[in-house]
1. All but one of (1) over 21 Å from LYS136 (Cα atoms); (2) in contact with a Ser or Thr (Cβ under 7 Å, 6 or more places away or on another chain) hold for ALA147, so report the exception by its number.
2. For segment 108-129, state whether one or more residues are closer than 30 Å to VAL161 by Cβ, modelled with pLDDT under 90, hydroxyl-bearing (Ser, Thr, Tyr) and assigned to a helix (DSSP H, G or I).
3. Return a yes/no flag: does segment 119-126 have any residue that is surrounded by 10 or more Cβ atoms within 10 Å (Cβ to Cβ), among the charged types (D, E, K, R) and within 58 Å of the chain's Cα centre (by Cα).
4. Quick one: which residue in ARG148, ARG181 is in contact with an Asp or Glu (Cβ under 8 Å, 6 or more places away or on another chain), surrounded by 15 or more Cβ atoms within 10 Å (Cβ to Cβ) and modelled with pLDDT of 90 or more?
5. Please determine whether any residue of segment 74-93 is of a type outside the set (A, V, I, L, M), part of a helix (DSSP H, G or I) and more than 21 Å from the chain's Cα centre (by Cα).
6. As an exercise: evaluate VAL159 against (1) assigned to a helix (DSSP H, G or I); (2) over 19 Å from GLU127 (Cβ atoms) and give the number of the one condition it does not meet.
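The values are calculated or read from the model by the stated rules, or taken from the named source; none is laboratory data. Not measured: the values here are computed from a predicted model. All Cβ positions, even for glycine, are placed from backbone atoms using ideal geometry, and neighbour counts span all protein chains on display.
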Amino acid sequence: PAPAPASAPPSPAAPAPAPNPEEKKEGDPKPAAPAAPASAPAPAEKAPPGPEWRAAGDLDPRYPEIRNELFEDLAKRRVVLEEREKALTTREAVLKATGQELNRKYEELSRLRGEIEKLLVQQSEEEKARIASLVKVYEGMKPKDAARIFDTLDLDVLVSVMSKMSERKISPVLASMDPERARTVTIILAEQKKLPTLP
């Protein structure tokens, strides 16, 4: 007879499942409720959003045109100011030159005035010497001869000479002169004696 087949070896026992810690068993105490978290600070209030920044060109589409006009206006004003500054500089130079010229003229006139005054003093002294010489000549002449010359002299010269003569010498000369001429000279000499003497 055929041999009986060998019996299969017994299969190994399946391993017992590992206990799940999350599975609760009956009779186990319930876990304590988790503690409430500490109260977090209230969030700070957000500041209201500011105006959104926008480029100048976005505000007004005519901005480039306005900017160009502003630049042109500033350039024109600068040109005007530069021209005014040049004019003021030129005027200042002219005034300075004019002042220097006036000072030079003033100094020149002062020098000329001094020279003229010296000449006048010299002329006055010479005239006085000449009048004094004529006085001596006419006082030494006969009254009729002196009267005949006095009737023809320039009135200013005649008064200058007779004002320096002594009264004793003038009297006979006046008596021999032309009556109208003698009257005029007498009035002038009298007026000169009435005038106050200048300091």
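1. It is condition (1) that ALA147 fails.
2. yes
3. Yes.
4. Of ARG148, ARG181, the one residue that is in contact with an Asp or Glu (Cβ under 8 Å, 6 or more places away or on another chain), surrounded by 15 or more Cβ atoms within 10 Å (Cβ to Cβ) and modelled with pLDDT of 90 or more is ARG181.
5. Scanning segment 74-93 turns up at least one residue that is of a type outside the set (A, V, I, L, M), part of a helix (DSSP H, G or I) and more than 21 Å from the chain's Cα centre (by Cα).
6. The failed condition is (2).
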